[in-house]
1. Return the residue satisfying two criteria in turn: it lies in segment 177-205 and is open to solvent by less than 80 Å² (accessible area, probe 1.4 Å) and without any contact (Cβ under 8 Å) to a residue 60 or more places away in the chain, and of such residues it is nearest to residue 133 (Cα to Cα).
2. Can you find, within segment 84-142, the residue that is farthest from the chain's Cα centre (by Cα) among those that are crowded, with 16+ Cβ neighbours inside 10 Å and of a type in the set (S, T, N, Q)?
3. Within segment 70-96, work out how many residues are within 26 Å of residue 194 (Cβ to Cβ) and of a type in the set (S, T, N, Q).
4. Filter segment 99-115 down to residues that are free of Cβ contacts under 8 Å to residues at least 60 places away in the same chain and hydroxyl-bearing (Ser, Thr, Tyr) and give me whichever is farthest from residue 172 (Cα to Cα).
5. Of the residues 160, 145, 164, which is more than 22 Å from the chain's Cα centre (by Cα), open to solvent by 100 Å² or more (accessible area, probe 1.4 Å) and of a type in the set (Ser, Thr, Tyr)?
6. Given (1) touching a strand residue (DSSP E or B) at 6+ places or on another chain (Cβ under 6 Å); (2) more than 24 Å from residue 135 (Cβ to Cβ); (3) modelled with pLDDT of 95 or more, identify the lone condition not met by residue 93.
7. Pick out the one residue from 40, 61 that is touching a Leu at 6+ places or on another chain (Cβ under 6 Å), charged (D, E, K, R) and modelled with pLDDT of 95 or more.
8. Considering only segment 38-57, state which residues are without any contact (Cβ under 8 Å) to a residue 24 or more places away in the chain and open to solvent by less than 20 Å² (accessible area, probe 1.4 Å).
Amino acid sequence: MPEKPEPNRPSQPAQPVEPVEPKVRTLDARSLRGLAHPLRIRMLAALRQDGPATASQLAERLGESSGATSYHLRQLAAHGFVEDAPEHGKGRERWWRAAHDGTQFDESLMYDGDPETRGAADAFLHEIATIHTQEMSTYLGDAHTWSREWRRASDLSDFTLHLTPEQSLELIHRMHDLINSYRDLPPVEGMETVRVHSHAFPRRSGK
């Protein structure tokens, strides 16, 4: 006798779990110089956020030539940021995927004795800040196309705290642990990709 189907029930929201440690690449002077190019940073971000792609697909997505994306993919591969994704390839075109979930910047690179490394560090950080600004601007421009639920679930906030360097670092680590606890949740209806930006920096009074 067939079982009687249960009535439809609203899906329950996914709950955070224990923090999942992402696979992160910590930059050193050599790998920083290999990554600190605006197109390479954006290509790597695209592969991390949207999954494996070919040079042609990245070129179309980023408004570049496939020759440029192909060259910079090879450079990223030479520095260990991307790798082949052969399981996606069915034709002659080469597929690539990100080798890590994220990148960790070592603040000591800002004080490196090599001016080229310091310049690469500055270029890298400014490009990341530019990408964050553009992502937020894109969302605000499209906000009217999202549902009221997603508008309510989005955030654009800032806070001013009085902290020591140690307290600020503790806060950053606690925020990162909380965010990582929402990684790899089981799929549920209504899930979308959500970008979370985190900025914490000192500010001199009156400036």
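1. Among those residues, the one meeting the criterion is 198.
2. Among those that are crowded, with 16+ Cβ neighbours inside 10 Å and of a type in the set (S, T, N, Q), it is 117.
3. Qualifying residue count, segment 70-96: 0.
4. Ranking the qualifying residues of segment 99-115, first place goes to 111.
5. Numbers: 145 fails: open to solvent by 100 Å² or more (accessible area, probe 1.4 Å); 164 fails: open to solvent by 100 Å² or more (accessible area, probe 1.4 Å).
After applying the criteria, what remains is 160.
6. (3)
7. Being touching a Leu at 6+ places or on another chain (Cβ under 6 Å), charged (D, E, K, R) and modelled with pLDDT of 95 or more holds for just one of 40, 61, which is 40.
8. 46
The values are calculated or read from the model by the stated rules, or taken from the named source; none is laboratory data. Not measured: the values here are computed from a predicted model. Backbone-built Cβ (ideal geometry, glycine too); neighbour counts: all protein chains shown. With ligands, DNA and RNA removed, areas are computed over all heavy atoms of the protein, side chains included. Shrake-Rupley method; radii C 1.70, N 1.55, O 1.52, S 1.80 Å.
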